[in-house]
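> Mind having a look at this structure? Questions to follow.
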Amino acid sequence: MQSYAKNSTWVTEFVMVGFTEVHEARLLFFTLFLAMYLFTLVENLAIILVVCLDHRLRRPMYFFLTHLSCLEICYTSVTVPKMLAGFIGADRGKNISYVGCLSQLFIFTFLGATECFLLAAMAYDRYVAICMPLRYGALVSWGTCIHLAAACWLVGFLTPVLPIYLMSQLTFCGPNVVDHFFCDASPLLALSCSDVTLKETADFLVSLAVLLASSTVIAVSYGNIVWMLMHMRSAAERRKAFSTCVAHLTVVSLFYGTLFFMYVRTKVASSFNFNKVVSVFYSIVTPMLNPLIYSLWNKEVKGALGRAFSLRTWKGQ
């Protein structure tokens, strides 16, 4: 048995089993997830470059969109490369150190919380643009946008501090096999030899606070938007105003739906296999779909992408 460590654990590394159920088709799944990961990187980098290079998109709405794309790139990069190594690598490809596991959980939680607050900031931007258009320049100035974005990142960074501290105080005396493809809280709590009641309660309250705070801002913003749309006389004006919200609403629905299911619970996950499927959806599929949603439903983004990658642009250069 390994010696007792200063961090109150006998386990110095964990083994992530990932998707053992698809062992025979692991190369197929490796190819699928690799393609999705690379596609996600290309999509989000394209959004960032287009918004930065096209002066027509230098507005608060697209400023927040670049931050969302940065988050999606980081979000997937925290988990997917290690998962891919587990598909094709030797046993060491599935191993992760104790410190590395807690670090992965911290960064993943930090980025997820930041995305919640960023989506709330984007909802506020749409609310001001539609409900108070004459005051938009004053209420959503560039200074305000920078402060909002900085606040989202800061509060997101502070969110996992207490949960990770409590996790570090737990004893892990074996086994060390994590039934997941990344270091998520629920499968780790299932391995602990300590009483996890306090940690589980803290996770629930922190997750609930983040989701309720951000979703309340989104709900109030869109409640006011719907009220404003109902009082618009022109149907064309209503369609035009609502079209600027469709992409954001779709992204919010995908992201929050899975997060509420996964994290606002008081018990350690009861079905890890099903949870892994849901985790794939919000950690891999959603970041891949978000740029498509914004580009397909936003004429300005589609136009900017067309200008950036058209043959005429390249010939002109």
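The values are calculated or read from the model by the stated rules, or taken from the named source; none is laboratory data. For clarity, every value in this text was computed on a predicted model and none was experimentally measured. Here the Cβ positions follow ideal geometry from the backbone for every residue, glycine too, while neighbour counts run over all protein chains shown. Note: areas computed on protein heavy atoms with side chains; ligands, DNA, RNA excluded. Shrake-Rupley method; radii C 1.70, N 1.55, O 1.52, S 1.80 Å.
> Could you count how many Lys pairs in the chain have their Cα atoms under 21 Å apart, skipping same-chain pairs fewer than 8 positions apart?
Going through the chain pair by pair, I get 9.
> Determine the distance separating the Cα centre of the range 141-156 from the Cα centre of the range 94-111; give it in Å without decimals.
Going from one Cα centre to the other spans 26 Å.
> Place a +1 charge on the Cβ of each Lys and Arg in the chain and a -1 charge on the Cβ of each Asp and Glu, then give the dipole magnitude about the Cα centre in debye, rounded to the nearest 20. It would help to have the intermediate numbers written out before the result.
On the way: 23 positive and 16 negative charges, 264 e Å.
Dipole of the chain, to the nearest 20 debye: 1260 debye.
> Do the sum for the chain: with -39,500 (n - 2.57) for every DSSP H run of n ≥ 4, divided by all residues, what is the mean residue ellipticity at 222 nm, to the nearest 500 deg cm²/dmol?
-24000 deg cm²/dmol
> With contacts defined as alpha carbon pairs under 8 Å and 6 or more residues apart, what's the relative contact order of the chain in percent?
Reported as a whole number, the value is 26 percent.
> Still on this structure, I have one more. Return one whole number: the accessible area per residue of the chain in Å², for a 1.4 Å probe.
49 Å²
> On to the next question. With unit charges on the beta carbon (Lys/Arg positive, Asp/Glu negative), name the residue among Val161, Ala185, Asn224 whose Cα is farthest towards the positive pole of the charge dipole of the range 125-278.
Working it through, the farthest residue towards the positive pole turns out to be Asn224.
> A follow-up question, please. Within the chain, which complete DSSP H helices have Cα atoms spanning at least 27 Å along the helix axis and a mean Kyte-Doolittle hydropathy of -1.0 or higher?
Result, helices passing both filters: 26-53, 60-88, 98-131, 197-230, 235-263.
> In whole percent, how big is the carbon plus sulfur part of the accessible area of the chain, probe 1.4 Å, protein atoms only?
For the chain, the apolar C and S fraction of the accessible surface comes to 69 percent.
> Which of rounded, prolate or oblate describes the range 213-254 when judged by the alpha-carbon gyration tensor and an a/c cut-off of 1.5?
Values: a/c = 4.25, a/b = 1.60, b/c = 2.65.
Oblate, since a/c reaches 1.5 and b/c is not below a/b.
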